[in-house]
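Values in this text are rule-based calculations from the coordinates and carry no lab data. Not measured: the values here are computed from a predicted model. Cβ sites come from the backbone with ideal geometry, for glycine too, and all protein chains shown count toward neighbours.
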Amino acid sequence: MKSFLAFLVAMGIIVTLGDAYCFTKPQRPGDAKGGCLLDGKLYPFGWIERTDTCFQCSCSPHKMSCCSLFHTPTDYDKENCKVVFNRESCDYDVVRKNDPSKKCAVYGRVG
């Protein structure tokens, strides 16, 4: 029973840490010379720390694998607050609808 409980705790930690939105895009021969295309921009082969659209990627001649740097707010005061994407921080800000200079509390995010 103790080992089952330890397993459940470990799985809970893994799920919490592994919540980024990820995708893989196959590269076909002739798609792009010397790199990978993402949203119309050519990125070089290798590790890309941050794309223009806020993803971390790995680019190879065979595929491009990317994961988001942002997490989408899901649990906040939807009646009084709104979600705004901040491209500088690569994250969503949740602000008051009537005063965007004031931030709202966020209780849950998914990525």
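Points to keep in mind about this one:
- Taking Ser65, Ser101 and counting other C-beta atoms within 10 Å, the order from fewest to most: Ser101, Ser65
- With the convex hull of its Cα atoms as the shape, segment 20-68 has an orientation-averaged projected area of 2.9 nm².
- Selection of trypsin sites (Lys or Arg not before Pro), segment 55-89, meeting DSSP coil and at most 16 other Cβ within 10 Å: Lys78, Arg87
- Each of Ser89, Ser58, Ser68 has some number of other Cβ atoms within 10 Å of its Cβ, and from fewest to most they run Ser89, Ser58, Ser68.
- Here the extension length gained between Ala105 and Phe85 equals 5.6 nm, from 0.36 nm per residue of separation less the Cα-Cα distance.
- Counting charges near His62 (Lys, Arg +1; Asp, Glu -1) among other residues having Cβ under 15 Å from its Cβ returns a value of +3.
- Residue order, fewest to most beta carbons within 10 Å, for Lys41, Lys25, Lys33: Lys33, Lys41, Lys25
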